[in-house]
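Student: Let me give you the structure first, and then I'll get to my questions.
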């Protein structure tokens, strides 16, 4: 396919690649990944991107998909929810600057912003972390309703978001991959708990690893799925409804 007037035809493997050489590298890398990771479901695309991002074939087994959408609670549900949100031009809100910087500006028209920088007075008054205070401040403004919320660095941001969800906040999807030795695993487990209890789709992982690069990469893959859906390039059995209707021409012939 031709990439947005860039002047070359190739399988669109990476939204960040903008030159022929970069595209060739991205395609070769993803071809290698697909030798080790299935390529049958929307969730498999997230697994592939996690392996690509982390450089670790085994990381695919650490991902967890929770919550549900109108088609059920299968592993594809958070991916469908995230792609729908992209197609609906929902806000993308990250915990810190590094994650925001990693979210592609191509293939979508969503507003991408960061939480850090909000809630400074609350942090100063209470002594809580700046990211936790930022999440609480944004929640008071209903910023997370229907949004894609991506957390790649701060466990306390994930814990604060989980509390907000438990109290009624409903993001479209949560991508939570905070990294570290203190509260990181616990924060992701907490996201999974409220995801299941409240029906909010979420993509997390287990273990100590993770980080901003992973969270941004998984968010970019949600954007990529939305782009493929818009272009009618998803396999027929993977096409999902948007606002109750599948897109015209949706679904590539097998």
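Student: For the range 131-246, which fully contained strands (runs of 3 or more DSSP E) count at least 3 residues that are within 22 Å of residue 56 (Cβ to Cβ)?
Tutor: Qualifying strands (runs of 3 or more DSSP E): 202-205.
Yes/no matrix, rows are residues, columns are (1) within 19 Å of the chain's Cα centre (by Cα); (2) within 15 Å of residue 78 (Cβ to Cβ); (3) crowded, with 17+ Cβ neighbours inside 10 Å:
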site	(1), (2), (3)
137	no, no, yes
147	yes, yes, yes
176	yes, yes, yes
194	yes, yes, yes
206	yes, no, no
216	yes, no, yes
219	yes, yes, yes
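Student: Output the number of the condition that residue 104 fails; it satisfies all remaining conditions of (1) under 19 Å from residue 242 (Cα atoms); (2) modelled with pLDDT under 95.
Tutor: (1)
Student: Right, here's the next one. Which of (1) farther than 29 Å from residue 18 by Cα; (2) free of Cβ contacts under 8 Å to residues at least 40 places away in the same chain; (3) surrounded by 15 or more Cβ atoms within 10 Å (Cβ to Cβ); (4) in contact with a strand residue (DSSP E or B) (Cβ under 9 Å, 6 or more places away or on another chain) does residue 141 not meet, given it meets every other one?
Tutor: (3)
The values are calculated or read from the model by the stated rules, or taken from the named source; none is laboratory data. As the structure is a prediction and not an experimental result, all values here were calculated from the model. For neighbour counting, all protein chains shown are included, and Cβ atoms are generated from backbone atoms with ideal geometry for every residue, glycine included.
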